[in-house]
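Step one of this worksheet: look at the structure below.
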Amino acid sequence: MVPASHLDTVPGDATVAEVRRRFLESGRDRLPVSDPAADGLLGCVSWRDLESASSTDPGRPIAGLVRPAPFVPEVMAAVEVLRTMQAKRSPAAAVVDEHGGVVGVVFLQDLLEEIVGETLGEREGAQPSRIRVQADGTALVDGILSLRAANRALGTALEGEGRVRTVGGLCSVLAGGRIPAVGEELPQ
């Protein structure tokens, strides 16, 4: 799941040309579309759908290209989320908390990677890596990367306590419940 605070959304009233620019800047193959009037999520727009529309009328709103995303509770099991997405024929689902607020979005590709391992996206070469191994052997790892994915990519055995599932969450636990400073060494 991509937390709501990390979502790169486009407003539902944006034009095809504006969203095309955002796609080119982000390197992603899907972008969540927000509802500017209701502080909610309308669904997602795909690069493929946008490309087919960008040559015909780049000034038109993207509303007709948005694929609605189903809402799933954050406590729903991954297999059930997958079934919901399959039933709705949706490449993404909005994850909501117990109060109905959107806490993030889970994309089909991310869900499948958690289940079966790495897959190739439509525009894989354009996406920035979440792990960058440095010349000295250390690695810069995006905090939203799951511990499982980090372990798989780096050959490590990082483990979180309780509900900790991301590298950022583990770093906060190791730092005593606070956000560590850049470059800070944490106890193991």
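Laboratory data are not the source of any read-out in this text; all were calculated from the coordinates shown. Note that the structure is a prediction, hence the values are computed from the model and not measured. Because the Cβ atoms are built from the backbone with ideal geometry, glycine has one as well, and the counts that use them run over all protein chains shown.
Averaging the Cα positions of each part gives two centres, and for the range 44-113 and the range 5-31 these lie 13 Å apart.
Give the residues of the range 1-42 whose amide nitrogen is closer than 15 Å to a point set 7 Å from the Cα of I115 in the direction of its Cβ. 1, by backbone N distance to the label point. Calculated FRET efficiency, A181 to E98, Cβ-Cβ distance, R0 = 30 Å: about 0.35 to the nearest 0.05. Exposure proxy ranking for R67, R83, based on other Cβ atoms within 10 angstrom of each Cβ and starting from the fewest, stands as R83, R67.
Say R0 is 22 Å: what FRET efficiency, to the nearest 0.05, do D142 and T15 get from their beta-carbon distance? Could the numbers behind the result be given before it?
Numbers: r = 30 Å, r/R0 = 1.37.
Efficiency for this residue pair is about 0.15.
As a rough footprinting exposure proxy, the listed residues H6, H99 were ranked by other beta carbons within 10 Å of their own, and the order from fewest upward is H99, H6.
Other residues with beta-carbon under 12 Å from the beta-carbon of V2 carry, at +1 per Lys or Arg and -1 per Asp or Glu, a net charge of 0.
Taken along the Cα-to-beta-carbon direction at a fixed 7 Å, the label points for T156 and R132 span 1.7 nm.
Sparsely packed loop sites in the range 1-79 (the trypsin sites (Lys or Arg not before Pro) outside DSSP H, G, I, E and B with at most 16 other Cβ atoms within 10 Å) do not occur.
Taking the Cβ of each residue in L147, L112 as the centre, tally the other Cβ atoms inside 10 Å and list the residues starting with the fewest.
With the fewest neighbours first, L147, L112 line up as L112, L147.
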